[in-house]
Each structure stands twice: as structure tokens, then as C-alpha cells.
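Each reported figure results from applying straightforward, stated rules to the coordinates on display, with no laboratory input. None of these values were measured; they are calculated from a predicted model. Heads up, the Cβs are rebuilt from the backbone with ideal geometry, glycines too, and the neighbour counts pull from every protein chain shown.
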């Protein structure tokens, strides 16, 4: 009877082992999502500080700015996923992965499409933030946003 | 008067009801003519009557009657348990085999012209599996090219003051 119980346990473990392996992939993806979300929050806070500093915003205006930036971050999030997935496919294809090679064109087009939509969002963000600012501060805003982008490209 | 020595054993066996039928006939014929053996036989019967087991109680009788049925049901239960164990083992082996087939066969069983899955649309691109990630620097460069802040490169930076142009010696 003991032998039977041990055999049953061993077979059960063998049956579950592949499921555990399959289950670990979504967990890894969830961890990555969480990490990106934290980095996104840190980046937003940095932006709020920088813009509040250069535009001379008070606390209430800084909070409004944070809410606006958050809305745009939420719209950027699926585009970021699109860009990262395209990068993964292109990376695998560049190493000769046959499955990825079949997706090269779609992945590249997907990246370009996301890039255009991100640029449109950047413009929309500028227009939204500039609306409440006098001309001089609009210029400062445009320069600050451009400087942020320049820094980003030098990274 | 004493019993005949050669009949003593037979007398005792007969009194206990254990004598063979053939010998009973001979002994009974002997008893008709031997008073000593008759007396010894009677004494043995009386003695054995004193030693007899008491009659079975109603509970004992019921248990005795129940015994065959209980034995049979116990045997059936053991057989069912063994059958169930075998079935459980079979089901587990079948499950393990099915899981293995589901996981391994799709990647192995691909015809030469069919190794290309449908190309991803922008929405489908998000469902592709992870793995073989580009390194953080490449990913950051790709994100920067697309106009995104490379989040992989953002850490709990100490250089915020430098980035924001604050004077690090400034006190609030």
C-alpha cells in the first residue's frame, strides 16, 4: 500500500512538472510588468519635479501636471509593449530564429507604427500642458521636453 | 465391575461420539453382554456431559450467521480498493502522457513548409512568448528610437539633482 502511495506521488509530480514550467512564464511576465510600472512612476515623478521647477508651478499645479502625465503614460503603455515585443522578435530574427524570421516585416512595421503614435502623443502632451501657460513658459516647456528627449537619445 | 481393558478406548471415543460407524456396531453388541463396559460407558457419558461447552448465546449465534456475509463483503471491498488504485495510477499516467504530448508535440510536429506561424499584427505582437531577450542596452536604444523613455535604464538614481539642475549643496 505504501509502495502504491509513493508511486502515485511520483507520477503526480511528473505530471505536474511541465505545468509548473509553463506557469513560471506568466509569472516572469508579471514581474517584468511590475518593474516597468515602477520605473514609469519614477520617471513621471522626475518629470513632474523638472517641469515644476522650470515652469515655477505651485503644489496644486504640480498635482494637476502629475495627473496629466499619468494619463499620457497610460496611453503610452500599450505602445511600449508593442515596441518591446517588436524588439524581441527582431532580436531573435537577427540570430536566425526561424519562427521570428517569418515575423520580421510585421515586427518592423509594428515598431514604426508605434513610434508614430508615440510622437503624436508627445505632441498632444505638449499642447495639453501648454494650454494653461503663457507664451514664455510654453517656450520653456517645449525646450525642456526637447532636452528630455535629447538626453534620452544619448543614453 | 471394571470395563474390559481392550474396550476402554473405544468406550471413551463412543461416549464422545467420535467412534467410526463400523466399530460402533461391534461395541454396541459387546455392551449388551458386558455389564462392566456398560457401567464405564455410562460414567464416561456423564463425565463428558459435565465438560460440554455451554450453548451459544443469541449474539454469538447471530455473529456466526453473519460471518460468511462479512467475509465476502470484506473480500469485495479489498478487491474494489485494488481496482481503484490501479485506475488512479492509470489516470495519472494518462494525464502525464497527455500533458507531455500537449507540450512537446506542437513544436516537434511541423511539416517543412509549415514552420512559419502567421506574422504578427501590432496587437498579436504582444502575445508572443518571452525569452531570448535582447540585452537591456539594446532594448533601451530601441525604446529611445521609438520616442520612449528607456525604463530599463531608470533606477533609483542618485543623480537626480544633476539631471534636474539642482544645486546638491542646496538646503530646503
Protection proxy ranking of B:139-149, A:74-84, A:37-47 - average other beta-carbon atoms within 10 Å, highest first: B:139-149, A:74-84, A:37-47
Per-residue Cβ neighbour rank within 10 angstrom, fewest leading, B:14, B:30: B:30, B:14
Shielding score for A:46-57, defined as the mean number of other chain Cβ atoms within 10 Å: 2
Net length gained if the chain between residue B:16 and residue B:137 were fully extended (0.36 nm per residue, minus Cα distance): 33.0 nm
Debye intensity ratio I(q)/I(0), log10, the stretch B:38-104, q values 0.14, 0.18 Å⁻¹ (C-alpha model): -0.73, -0.84
Inter-part distance where the stretch B:1-79 and the stretch A:119-137 are each reduced to a Cα centre, Å: 118
